[in-house]
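Peer 1: Dropping a structure here in structure tokens format, bear with me for questions.
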Amino acid sequence: ILDTSKPPPEAAKEAALIGQKETSALILLPYFVETRLSCFIGLTDLAQPEILPQDTALYRIITEIIGNALSRKGTEGKLRYLAYHDALTDIPNRFTFSQMLDIAIGRKKAAAETFAVLLLDLDRFKEINDTLGHAAGDRILKKVASRLKHTIRHTDFLARYSGDEFLIILDDIQNEKQAQAQANKLHSAVSEPFNENGHEIYITPSIGISMYPN
């Protein structure tokens, strides 16, 4: 049972929020996930001015039910996120790209408009993994994804296809010349040297362009 004027340090913020509502009776119980403090769950009793010690066991059961529901919801959210994003680079994965491509085709077909798809492949990337190791290769892939993400326009869509291959939907494109210009920008961004443990690593990408509906 908690005196809101003297909360534990970990619960100071929660106690302050509850205190603003002039709560007269409060029990604040910690909820742990695998021995790690996840949150505090505060329960108030509006029917009586104090929380009776014999009710503590009941409140703990309620806390477990609420805490388990919150943990399950958080886990479901993480799994949903991982289903649509690449675990290494944190950008959308090929499954999400497939969905976005279907949407783009349907939208552009209805409007009789064009768009482009780029396939970007890192040249001889296997040599980096063989000489520097897969951990260094993964770090470089994350940097490549970051560069691509910051180079594409806000109307474009970037995804990791597999390994060292990335896909980009260029949404607002009228002709091949515009698509080529965007591809050149992405090529330049990836071709800048990468710093890996004090060493400059140079990578060149190959980029294929496909125009819809042709």
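The values are calculated or read from the model by the stated rules, or taken from the named source; none is laboratory data. This structure is a prediction, so every number in the text was calculated from the model and none was measured. No Cβ is skipped: glycine too gets one built from the backbone with ideal geometry, and neighbour counts run over all protein chains shown. Side chains are part of the model used for accessible areas, which takes the heavy atoms of the whole protein and leaves out ligands, DNA and RNA. Shrake-Rupley method; radii C 1.70, N 1.55, O 1.52, S 1.80 Å.
Peer 1: So in the range 81-95, with the set limited to residues that are hydrophobic (A, V, I, L, M, F, W, C) and part of a helix (DSSP H, G or I), which one is least open to solvent (accessible area, probe 1.4 Å)?
Peer 2: Ranking the candidates gives Ala83 first.
Peer 1: Test each condition in (1) in a helix (DSSP H, G or I); (2) open to solvent by less than 50 Å² (accessible area, probe 1.4 Å) for Ile169 and report the one that comes out false.
Peer 2: All conditions are met except number (1).
Peer 1: Of the residues that make up the range 155-170, is at least one more than 23 Å from the chain's Cα centre (by Cα), more than 16 Å from Ala104 (Cα to Cα) and free of Cβ contacts under 8 Å to residues at least 60 places away in the same chain?
Peer 2: no
Peer 1: Kindly list, by first and then second residue, each pair from a residue in the range 198-214 that is of a type in the set (A, V, I, L, M, F, W, C) to a residue that is assigned to a strand (DSSP E or B) and open to solvent by 60 Å² or more (accessible area, probe 1.4 Å), limited to pairs with Cβ atoms under 8 Å and residues at least 6 apart or on different chains.
Peer 2: Every condition considered, the pairs that remain are Ile201/Asn195; Ile207/Leu119.
Peer 1: Could I ask something else about it? Which one of Lys143, Lys109, Lys78 is within 30 Å of Ser38 (Cβ to Cβ) and either surrounded by 11 or more Cβ atoms within 10 Å (Cβ to Cβ) or without any contact (Cβ under 8 Å) to a residue 12 or more places away in the chain (or both)?
Peer 2: Exactly one of Lys143, Lys109, Lys78 is within 30 Å of Ser38 (Cβ to Cβ) and either surrounded by 11 or more Cβ atoms within 10 Å (Cβ to Cβ) or without any contact (Cβ under 8 Å) to a residue 12 or more places away in the chain (or both), namely Lys78.
Residue-by-condition table, conditions (1) open to solvent by 60 Å² or more (accessible area, probe 1.4 Å); (2) among the β-branched types (Val, Ile, Thr):
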{"position": "Thr131", "(1), (2)": "yes, yes"}
{"position": "His134", "(1), (2)": "yes, no"}
{"position": "Leu148", "(1), (2)": "no, no"}
{"position": "Ile152", "(1), (2)": "no, yes"}
{"position": "Thr155", "(1), (2)": "no, yes"}
{"position": "Arg160", "(1), (2)": "no, no"}
{"position": "Glu176", "(1), (2)": "yes, no"}
{"position": "His187", "(1), (2)": "yes, no"}
